[in-house]
Each structure stands twice: as C-alpha cells, then as structure tokens.
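The numbers here are math on the coordinates, done by the rules we state, and not lab data. Predicted model only: the values in this text are computed from it and were never measured. Cβ sites come from the backbone with ideal geometry, for glycine too, and all protein chains shown count toward neighbours.
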Amino acid sequence: MIKRFIRRILGKKSQTNKKTRLQRIPVANHGLTREQILPCALKVTDTLQQGGFTAFVVGGAVRDLLLGKMPKDFDVATNATPEQVRDLFRRSRIIGRRFRLVHVMCGADTIEVSTFRACAITEDDTSHVTDDTGRIVRDNVFGDQESDAERRDFTINALYYDPSTQEIWDYRGGVADIKRKTLRIIGDPTTRYREDPVRMLRAARFAAKLDFHIDETTRAPITELAELLSNVPPSRLFDEMLKLLLSGHALRAVHQLRAEGLHHGMLPMLDSILEQDEGQRFITAALHNTDQRLQAGKSVSPAFLFATLLWHELHIHYRTRLDAGESASAAFFAAMDDTLDQQRARLAVPRRLDGMMKEIWSLQSRFDQRSGSRPYRLLGHPRFRAGYDFLLLRAESGEVDKTLADWWTTFQDADEAERAAMLVNEPASAKPKRRRRAKKPNPAAQPIND
C-alpha cells in the first residue's frame with residue numbers, strides 16, 4: 001500500500017496491479033491526447049464522469065489512434081446502467097435485446113455507450129448459456145471493468161482511454177502487442193473460439209486490416225475448429241463477412257481466410273472462385289477495386305460487391321440448366337434464383353439486395369447490343385452505371401474483350417453525332433424479318449347478295 005502510494009507520488013511511468021495485471025500508462029508513454037478524441041465522445045465521457053460514473057473510450061478507437069489511423073467509430077464503456085446513461089443525455093436511446101446499449105447523439109455523430117459486462121462463467125451461472133459446442137447463446141449480465149476487459153476478444157481491443165487523465169488502462173498487454181504488431185487472443189484460444197466461432201473470422205480480418213501477424217498460440221486451433229462456423233446464425237456471418245469485405249483490405253483478408261482454412265464450407269462463393277483461375281482473376285480485380293474506392297473515401301454498394309462475388313457461381317448454375325435442355329433466357333433467370341438461394345442457406349444476404357444484383361447481372365448481355373436504339377435505352381437504365389462498372393471488371397479480368405468496355409466508355413461521354421457514328425451496323429441476316437399482316441377484307445369491295 002505504502003509502495004503504491006510512493007510510486008504515485010514519484011510519478012512512475014506506469015503502474016501495475018499484480019492481481020489484475022492492470023497497467024495505467026500515462027500520456028508521456030503513449031502520446032494519445034484528448035484533442036485526438038471525437039468531441040462527441042469527449043462530451044459523453046465528461047458528462048458520465050461528472051455524474052459520478054467511470055467512463056472510457058474503448059476498443060478499436062484506442063487501438064487505431066495508437067496506430068496513427070482515424071477510427072471509424074468512438075465507443076464508450078462505463079459502469080453506469082443503460083437507464084442511468086439515458087437519464088444524463090436528452091438525445092439518447094436504449095437499443096438491443098440481447099445486450100442493451102445506449103446511442104447518444106451529438107449533431108451528426110452517434111456514440112455507442114455500453115455498460116461493463118461480466119466475463120466468468122460458473123456451473124451455477126444462469127446468466128450465461130452455451131450450446132453443445134460451447135458457443136455462448138445468452139450473455140446478458142453486467143460486470144466490472146476488469147471482467148469487461150477479460151471478455152473482449154483480442155488484447156489490442158482490451159484498451160481503455162480516460163480522457164480526463166489521458167491515461168490508457170491496459171489489462172492484457174495490448175499496447176505492447178500493438179508495438180509488436182501481434183494479434184493475440186485473450187484466454188485459452190480453443191475455449192474462446194468455441195464460445196464465439198466468429199472470433200476466427202475476426203482474427204483473419206484484423207490481421208489483414210492492420211497488417212499484424214497472428215500469434216502462433218492464437219492461430220493453432222483455427223483450422224481444427226473452422227467447422228464450428230456452420231453453427232453460427234447466417235445473419236451474424238453476413239454481418240461479419242460484410243465488415244471484412246468493406247474493411248478497405250478485402251483482397252488481403254480473403255487470402256487470409258484461405259491461409260487459415262476458413263473458406264471451405266463457410267461461403268460457397270469462396271469455395272468455387274478460389275479454386276479456379278478465371279474466377280480468381282475476376283474476384284481479385286473486384287476486391288482490388290473495392291479496396292481502392294474505400295481507401296479513397298468513396299462508397300461501395302454491398303449489392304454490387306456480392307454481385308461480383310457470386311458472378312461465377314451464377315455461371316455454374318446457368319451452365320447446369322443449359323445442359324439440362326432449358327432455353328438460355330429461362331436458364332439464366334432460374335440460375336440467379338439458384339445462386340442466391342444456395343448462398344442464403346449459409347450466409348443471410350438480405351433479400352433487399354436481390355433486385356439490384358439481378359439487374360446488374362441481367363444488364364451484362366445488353367452491353368453486346370450496340371446497334372439501333374438499344375444503346376440509348378441502356379444508357380437511360382437506372383442501373384446503367386453499376387452494370388457498366390461490372391463490365392469494366394469483366395474486361396479487366398479478361399472475361400470480355402477490352403474493346404467492348406472501351407466502346408461504352410467512349411459512347412456514354414460522346415455527343416449525339418459521335419454516338420450515331422459509333423453505332424454498329426447490324427448484319428442484314430441478323431435482322432428479324434417482319435411478318436406481314438394479312439389484309440382485312442374491305443366490306444365495300446364485297447358483293448352484296450340480294
């Protein structure tokens with residue numbers, strides 16, 4: 001007790017509690033200041049602390065700032081209950097059923113505030129429920145800050161920043177792991193993956209996004225436990241897969257999934273495209289384009305992204321139906337439904353994306369039609385731009401002739417005279433013959449029988 005008091009008075013660089021392994025790291029050691037925190041997050045932590053509660057900026061925001069990156073979100077953790085948080089902020093609302101959170105709004109910004117959660121599971125603990133594989137299916141209990149740190153997935157995400165003191169509270173050596181560029185799971189890896197198999201996907205995503213190497217102990221059980229992903233609800237898999245694909249490092253992340261053996265059985269689209277040269281070239285072009293857009297601050301449509309990922313899966317179903325004797329048109333439209341139904345059984349792609357995906361796919365055959373009024377009608381289609389971008393990816397991967405993509409690039413920006421000159425003359429033999437109508441008899445020319 002006296003030694004801790006002396007260390008505090010002398011201003012030692014860090015403090016360590018032997019029981020909890022807590023390190024309280026001062027700003028002189030980490031360099032993260034209040035000015036780097038989003039003003040809305042500062043308002044939330046300051047208000048909670050003034051109300052007599054503890055409050056910290058947590059997780060990914062602290063990690064990213066230490067890495068010199070701009071966080072996408074600033075989350076706050078506190079010992080206040082959701083009702084107590086809501087009472088302190090006029091513009092706030094409680095959300096969630098599985099675990100209640102509070103969204104606090106400041107202008108256009110929204111801060112997610114969570115109450116510290118419990119970690120330990122005991123035999124008589126009815127607040128935590130697991131299934132036969134060890135996956136936690138109910139986990140709705142509040143706890144203290146140390147428990148909250150223990151239940152987080154990786155050490156680099158178990159960091160708490162106190163804006164009032166500018167200290168980082170580090171329970172599991174996350175700051176040291178960030179400096180070593182190491183991804184390390186908290187606790188026994190096998191147990192933690194069984195509790196939540198999605199942590200294996202998160203390991204691949206974080207390793208790719210942050211360019212970290214996965215600690216060998218953390219990595220070892222992944223291949224053996226990959227089949228546990230089949231027990232994860234499809235909607236949760238979709239959410240995690242979308243985060244991975246929209247991370248700005250999707251190409252690296254997909255290769256990380258493959259390296260960890262996580263693509264087989266989990267996503268039919270990855271099973272097929274990563275095993276064939278043609279599909280791999282197309283997906284590489286699509287993911288590279290996605291990463292470039294996101295890194296440049298541009299938006300990416302999830303419907304467009306999944307349309308690219310499932311394009312070659314669609315062709316497999318299409319060829320199967322053609323071989324069965326179906327007409328080309330009927331086979332293509334049925335194949336679109338086959339593709340989406342098969343994927344939805346494993347990954348809950350929202351049905352609201354179906355319409356745009358089908359339109360993008362259906363437009364591809366219309367880009368071959370460059371005569372008469374058809375190119376003009378295609379330009380006016382509401383999904384023309386998405387279909388055109390899809391065509392560019394097909395040309396880049398060598399699936400279609402680049403001259404076709406170049407023609408449409410020029411045609412859409414040309415004036416009327418130039419467009420008219422660019423139209424392709426349709427061969428006479430290709431023009432359908434117009435059926436001549438049978439002339440109706442003229443009543444006036446008919447003889448009148450008396």
Kindly state, to the nearest 0.05, the FRET efficiency for ALA330 paired with LYS402, given R0 = 45 Å and r defined as their beta-carbon distance. 0.90
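I'd like the FRET efficiency for ALA28 and THR409, computed as 1/(1 + (r/R0)^6) with the beta carbon distance as r and R0 of 60 Å, rounded to 0.05. Before the final figure, lay out the partial values.
Working: r = 55 Å, r/R0 = 0.92.
Calculated transfer efficiency: 0.60.
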Pull up all non-local amide H partners of ILE214: gap of 5 or more, or a different chain, and H-to-H distance under 5 Å with H placed in the peptide plane. LEU183
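Determine the relative contact order of the stretch 150-266: mean sequence separation of Cα pairs under 8 Å and six or more apart, normalised by residue count, in whole percent.
Worked out over the stretch 150-266, it gives 24 percent.
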Peptides ranked, highest mean first, by Cβ atoms within 10 Å: ranges 323-330, 233-240, 159-166: 159-166, 233-240, 323-330
Give me, ordered by chain and number, the residues 5 or more places off GLU167 or on other chains with an amide H under 5 Å from its own placed amide H. ASP162
Within 10 Å of each candidate Cβ there may be at most 11 other Cβ atoms; applying that plus a DSSP loop requirement, which trypsin sites (Lys or Arg not before Pro) in the stretch 290-324 survive? LYS298
